[in-house]
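The values are calculated or read from the model by the stated rules, or taken from the named source; none is laboratory data. This one's a predicted model, so the numbers in the text were calculated from it and none came from an experiment. A quick note on method: Cβ atoms are made from the backbone with ideal geometry, for glycine too, and the neighbour counts reach across all protein chains shown. For the accessible areas, the whole protein counts, side chains as well, though only heavy atoms, and no ligand, DNA or RNA atoms are used. Shrake-Rupley method; radii C 1.70, N 1.55, O 1.52, S 1.80 Å.
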Amino acid sequence: MAGFLSLLRRSYLSLYNWIVFFGWVQVLYFAVKTLRESSYEHVYDAVEKPLLLAQTAAVLEIIHGLTGLVRSPVSATLPQIGSRLYVAWGVLYSFPETRTHFLVSSLVISWSLTEIIRYSFFGVKETFGYAPSWLQWLRYSTFMLLYPTGITSEVGLIYIALPYIRNSEKYCVRMPNKWNFSFDYYYGALLTLGIYVPGSPHMYNYMLGQRKKVLSRSKKD
């Protein structure tokens, strides 16, 4: 029974990783194609559907961590996925004025390269039981460039969206109401920007620690 459950787990995770991998391949392909044939102003329109689908699928990774299906700590997974969902849905999808900025291109390319490497690494590992050393090195090294470019793009796009958020009143809850509750999306965006200040260096240092641990272990093997 335990062997069957293990096989079921690996089959599911393998399928999940490869499906999302191909989603991010689509995102990168359409982004590069648009940049070559048109301009950065049209990148979002070209990638919107696969981008939203692939990024939203990452919610399952939180569930994987909570249920013990994977060993990744939810404390590390949740802020990464949460911030990306916020930018994808709460900024780009919600405020079309931000979609033509060149930071969308750097965001999409940083995210897609990161995820193509990450999902292929876990896909190979779940399918075959191991991953080649070169793919493992890419998984735990490319973030050193792609994480700063991705985070810079995220913060930049949130900042660019601020005046549109403030003027639109979208997602705001005003008093009086039956819940006796108010919420201002503009101040929520400011708070999110504030969280990036301590959060980004913390996550970067966490990933550096993971890189050191994994690569040093592979050298011993």
For the stretch 63-221, what is the accessible area per residue in Å², given a 1.4 Å probe and the full set of protein chains?
57 Å²
Would you compute the Debye intensity of the chain from its alpha-carbon atoms alone, equal scatterers and no solvent, and pass along log10 I(q)/I(0) at q = 0.08, 0.09, 0.11, 0.18 Å⁻¹ to two decimals?
-0.33, -0.42, -0.61, -1.40
Filtered hits (lysines, Cα-Cα < 19 Å from Lys213, offset >= 8 within chain) -> Lys125
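How much of the accessible area of the stretch 157-221, in percent, comes from carbon and sulfur atoms when a 1.4 Å probe is used?
Numbers: 2860 of 4720 Å².
Taking all protein chains in place, the stretch 157-221 shows 60 percent carbon and sulfur surface.
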Cα pairs beyond 17 Å in the stretch 1-91, in percent, come to 59 percent
HN-Hα J couplings of the stretch 94-108 from phi, Karplus 6.51/-1.76/1.60, θ = phi - 60°, integer Hz, Gly and Pro as x?
7, 10, x, 4, 8, 6, 9, 6, 5, 5, 4, 5, 5, 5, 5
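For the chain, what is the calculated [θ] at 222 nm in deg cm²/dmol (nearest 500), taking -39500 (n - 2.57) for each run of four or more DSSP H residues and dividing by its residue count?
Details: 8 runs with 167 residues, N = 221.
After summing the helix terms and dividing by residue count, I get -26000 deg cm²/dmol.
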GNM on the chain, Cα springs under 10 Å; top mean-square fluctuation among Ile158, Ile195, Ile62 goes to Ile195
Residue by residue, what Karplus-based ³J(HN,Hα) values in Hz, rounded to whole numbers, does the stretch 128-145 have, using 6.51, -1.76 and 1.60 with θ = phi - 60° and x for Gly and Pro?
10, x, 7, 10, x, 4, 5, 6, 5, 5, 4, 4, 9, 10, 5, 4, 4, 9
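Can you figure out the FRET efficiency of Ile195 with Leu69, using R₀ = 30 Å and their beta-carbon distance, to the nearest 0.05?
Numbers: r = 27 Å, r/R0 = 0.91.
Calculated value: 0.65.
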